Amino acid sequence: MRIVMLGTAAAAPDPDRNHSAILITVRDRHYMFDCGHGATHQLIRSNVNPGHVDTVFLSHLHYDHVADFAFFVLTSWITNRENAPVVVGPPGTRGFVEHQFADGAFAKDIEARAAYKNRQGNMHVLKPDVRECEPGVVFEDDLVRVSACYVEHIPQEISPCFGLRLESVDGKSVVFSGDTAPCERLVELAQECDLLIHECTFPEKALEFRRKANVGTWAHTSPVELGKIATASRCKSLVATHFGSFDTTYPVLRDMMSVHMPRELIGPAFMEDVVADIRRNYSGELRLAHDGMRIDL
Ligand SMILES: [Zn+2]
Ligand SMILES: [Zn+2]
């Protein structure tokens, strides 16, 4: 199994990190988890034809996890994608997908391109096979089984959010937290997995700042909490991801992020705090995600 971290940022526009997306390849079959901005370009960079990715799992519908989806489908349509992608996600996924194509946001683009005869042969790929799911087993084929649980991120009545676990026919398991505050259900889902890919959006000092500034703190997991979660899950290896641009060096982005944390702390050294805080409760294998990072299991 090969895992490629296509995008590792939280919601800010960070030129050094694309938005959330993970490619998992089992034997020769590709599965994509989230489709945040930049995901399609990152597939190209990873030497994978977007048209060969037939299954997409969406953890939730925040734009930093789904904004590349139309681009992913449309570019693979015009480069002769053969199969309509399967899209697995929590309730709300159908509305998100269906408002993009036929009568949706890109209707005129599609009408214009479909005027060419050679675009008409695979119009069916513009109707993704959407599977809105409840927690439990959400997808199964001959190579993988994927299960989901609800995590603690957006209030359930607005938009439920998934954590996801993929188990391969080769006996390997990967768990992706999506976005979440510390969540007991996720710890259960992640029990003894080979790889836990977990969000780690803000350092402790940013969370303190957000608490004082009343920006809201409940929706993400802090590094100290992440260490506890990794230990409790008994995962064999941890990847921290979904970083809130606290390590950026771009002056404009540092200004933008100063609503979330003290500006003077923002920069690459801030990552050292994150590692030290995860390490307070977790001594196992740890990686800090960056775009293009590849892990072979
Ligand atoms: Zn996010
Ligand atoms: Zn989110």
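Determine whether Arg254 is free of Cβ contacts under 8 Å to residues at least 12 places away in the same chain and either of a type outside the set (Val, Ile, Thr) or at positive phi (or both). Answer is no for this residue. I'm trying to understand the selection: among the residues of segment 5-52, which are of a type in the set (A, V, I, L, M), within 30 Å of Pro251 (Cβ to Cβ) and away from ligand 2 (no atom under 15 Å from the Cβ)? Met5, Leu6, Ala39, Ile44, listed by residue number. Considering only segment 107-120, I want to know if a residue exists there that is part of a helix (DSSP H, G or I), over 23 Å from Glu140 (Cα atoms) and within 16 Å of ligand 2 (Cβ to nearest atom). No, because not a single residue in segment 107-120 is part of a helix (DSSP H, G or I), over 23 Å from Glu140 (Cα atoms) and within 16 Å of ligand 2 (Cβ to nearest atom).
Inside segment 84-99, residues that are away from ligand 2 (no atom under 16 Å from the Cβ) and either surrounded by 21 or more Cβ atoms within 10 Å (Cβ to Cβ) or touching a residue at least 60 places away in the same chain (Cβ under 8 Å) (or both) make up a count of 4.
Every residue, every condition in (1) farther than 23 Å from Ser222 by Cβ; (2) touching a Pro at 6+ places or on another chain (Cβ under 8 Å), yes or no:
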position: Gly136; (1), (2): yes, no
position: Asp142; (1), (2): yes, no
position: Arg145; (1), (2): yes, no
position: Tyr150; (1), (2): no, yes
position: Leu164; (1), (2): no, no
position: Ser168; (1), (2): yes, no
position: Gly171; (1), (2): yes, no
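Looking across His60, His37, His65, one residue alone is part of a helix (DSSP H, G or I), surrounded by 20 or more Cβ atoms within 10 Å (Cβ to Cβ) and either hydroxyl-bearing (Ser, Thr, Tyr) or under 15 Å from the mean Cα position of the chain (by Cα) (or both). It is His65. Among the residues of segment 244-252, is there at least one that is buried (at least 16 other Cβ atoms within 10 Å of the Cβ) and of a type in the set (A, V, I, L, M)? No: segment 244-252 contains no residue that is buried (at least 16 other Cβ atoms within 10 Å of the Cβ) and of a type in the set (A, V, I, L, M). The set of residues from segment 276-297 being outside any loop (DSSP other than H, G, I, E, B) and surrounded by fewer than 13 Cβ atoms within 10 Å (Cβ to Cβ) comprises Glu285, Arg294, Asp296. Taking every residue in segment 134-161 that is touching a residue at least 60 places away in the same chain (Cβ under 8 Å) and among the hydroxyl-bearing types (Ser, Thr, Tyr) and pairing it with any residue that is buried (at least 16 other Cβ atoms within 10 Å of the Cβ) and outside any strand (DSSP E or B), at least 6 positions away or on another chain, the pairs with Cβ-Cβ distances below 7 Å are Tyr150/Pro135; Tyr150/Pro160; Tyr150/Cys161; Ser159/His60; Ser159/Leu61; Ser159/Gly92. Could you please find all residues in segment 259-275 being at pLDDT 95 or above and either within 24 Å of the chain's Cα centre (by Cα) or among the polar types (S, T, N, Q) (or both)? Residues satisfying the conditions are Ile266, Gly267, Pro268, Phe270, Met271, Glu272, Asp273, Val274, Val275. Of Arg2, Arg81, Arg45, Arg17, all but one fail to be basic (Lys, Arg), surrounded by 21 or more Cβ atoms within 10 Å (Cβ to Cβ) and more than 16 Å from ligand 1 (Cβ to nearest atom); the exception is Arg81. The strands (runs of 3 or more DSSP E) found wholly in segment 139-243 and carrying at least 1 residues that are surrounded by 24 or more Cβ atoms within 10 Å (Cβ to Cβ) and within 16 Å of ligand 1 (Cβ to nearest atom) occupy 162-168, 173-176, 195-199, 237-241.
The values are calculated or read from the model by the stated rules, or taken from the named source; none is laboratory data. Only a predicted model underlies this, so the values are computations on that prediction, with no experimental measurement involved. No Cβ is skipped: glycine too gets one built from the backbone with ideal geometry, and neighbour counts run over all protein chains shown.
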